[in-house]
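Undergrad: One structure follows; several queries about it will come next.
The values are calculated or read from the model by the stated rules, or taken from the named source; none is laboratory data. Predicted, not measured: the structure shown is a model, and the values here were computed from it. Here the Cβ positions follow ideal geometry from the backbone for every residue, glycine too, while neighbour counts run over all protein chains shown. What goes into the accessible areas is simple: the full protein's heavy atoms, side chains included, and nothing from ligands, DNA or RNA. Shrake-Rupley method; radii C 1.70, N 1.55, O 1.52, S 1.80 Å.
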Amino acid sequence: MELSAAKQWILAVKIGGVRRFNLTTEKVMRPCSSNRVTHDIIWVGDNGWKLEFPIRQDWLIFKELYKGCSDRNVQPPAVSIIPVPGVREVSGYAESNPPEFARPVSYITVKDDELARALARSTANYDMDGDDEEWLRNFNDQPSLENDHLSADSFELLIDNFEKGFYCNPDDYSDEKAAVSSCPNKEKKEIVEAVYNYWLKKRKQNRSSLIKIFQCYQPRRTQVIPKSIFRKKRSFKRQGSKAGRGKHRPFLPAVVAEKEQQNAVLKVKEAKAAANKSEDLAVRMRQKAQQLMENADLATYKAMMALKIAEAAKIAKSKEAVGPIFLG
């Protein structure tokens, strides 16, 4: 085992002191095969390299070296330290005689729900993550923004404004010009446009709102007010015609238009129901695929363990067969 320049442990294969092959270990060792003629153990590495072990003891030593090298490359998990709260006595608190709490007759309630409080909040509901910090750092490093750097607080307020606006008016905030013009932030237009494009791209990747509270509620859609159909006042007077007898004008066009409007509303409701059903089906199929992947990983692990147990049993059996020869 040797330590490479990248501070990573590797296995170096040398013949006569000359390095022939560098092996980077993996978490799970590749399975070996056997030579049909000599029954030597053959292990295939990267780029088609093959290592042949005529002596089984050398193969066991190689496996121990491989496991030791792999264990050294695995980063130890970070130990989370639970902070212990301290106690500090406040002088004069006992003599201050604070007023005792009296339980009111009615229940203690909070005005409005969580969604209404999030919409009315003046500070940002959004918290930056690692991707946001990296994007903001690269954005501020641009030469064209020497004196117009965007702070983290302003970035969070912009994202919060976009999320609130999209929840209240999703149709308006799907357009860049409308969203930038309606943004109450005092930043420059170029900065707001850049943040808007980043927000829209990240929102499409997540396929949901970036603020958790808005993920639990559907966006508010503006209700379309149908145009009222004005019908002409029916006249009971007969209109003369060249044929000789007057006829009443039928009212079929108005009835047909009203029926078409009702059918259109019904189709919209059916389309929404089908979309919700398709979304639920996609979620269930994704969960099933994840479960199948976990089962496949478990089956692969069991197969590897069975192969190792078979190898160990085979080695133990060969040792038991050779023992009586030396003892006899």
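Undergrad: Could you please find all residues in the range 103-130 being of a type in the set (Gly, Ala, Ser) and open to solvent by less than 60 Å² (accessible area, probe 1.4 Å)?
TA: Passing the criteria: Ala116, Ala118, Ala124, Gly130.
Undergrad: Of the conditions (1) over 21 Å from the mean Cα position of the chain (by Cα); (2) open to solvent by 40 Å² or more (accessible area, probe 1.4 Å), Glu133 fails just one. Which one is it?
TA: The failed condition is (1).
Undergrad: Return only the number of the condition from (1) surrounded by 11 or more Cβ atoms within 10 Å (Cβ to Cβ); (2) free of Cβ contacts under 8 Å to residues at least 24 places away in the same chain; (3) outside any strand (DSSP E or B) that Met29 does not satisfy.
TA: (2)
Undergrad: Criterion first (in a helix (DSSP H, G or I), modelled with pLDDT under 85 and in contact with a Phe, Trp or Tyr (Cβ under 7 Å, 6 or more places away or on another chain)) does Val180 satisfy it?
TA: The answer is yes for Val180.
Undergrad: Let me ask something additional. Being touching a Pro at 6+ places or on another chain (Cβ under 8 Å) and not in a helix (DSSP H, G or I) is the requirement here; does Pro170 meet it?
TA: Yes; evaluated as a whole, the condition is true for this residue.
Undergrad: Does the range 256-301 hold any residues that are open to solvent by 70 Å² or more (accessible area, probe 1.4 Å) and among the aliphatic types (A, V, I, L, M), and which are they?
TA: Val256, Val265, Leu266, Val268, Leu281, Val283, Met285, Leu292, Met293, Leu298 - these are the residues of the range 256-301 that are open to solvent by 70 Å² or more (accessible area, probe 1.4 Å) and among the aliphatic types (A, V, I, L, M).
Undergrad: Mind listing whichever residues of the range 80-117 are under 31 Å from the mean Cα position of the chain (by Cα), free of Cβ contacts under 8 Å to residues at least 60 places away in the same chain and part of a helix (DSSP H, G or I)?
TA: Scanning the range 80-117 gives Ala116, Arg117.
Let's see how each residue does on (1) in contact with a helix residue (DSSP H, G or I) (Cβ under 8 Å, 6 or more places away or on another chain); (2) assigned by the TED database to the domain that holds Leu150; (3) surrounded by 11 or more Cβ atoms within 10 Å (Cβ to Cβ):
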site	(1), (2), (3)
Ala179	yes, yes, yes
Pro184	yes, yes, no
Glu187	yes, yes, yes
Val192	yes, yes, yes
Val195	yes, yes, yes
Trp199	yes, yes, yes
Gln205	no, yes, no
Ser209	yes, yes, yes
Ile213	yes, yes, yes
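Undergrad: Just a yes or no: is a residue in the range 59-79 acidic (Asp, Glu), open to solvent by 80 Å² or more (accessible area, probe 1.4 Å) and either farther than 30 Å from Glu163 by Cβ or part of a strand (DSSP E or B) (or both)?
TA: Within the range 59-79, one or more residues are acidic (Asp, Glu), open to solvent by 80 Å² or more (accessible area, probe 1.4 Å) and either farther than 30 Å from Glu163 by Cβ or part of a strand (DSSP E or B) (or both).
Undergrad: What number of residues in the range 32-58 are open to solvent by 60 Å² or more (accessible area, probe 1.4 Å) and either over 41 Å from the mean Cα position of the chain (by Cα) or touching a residue at least 60 places away in the same chain (Cβ under 8 Å) (or both)?
TA: 11
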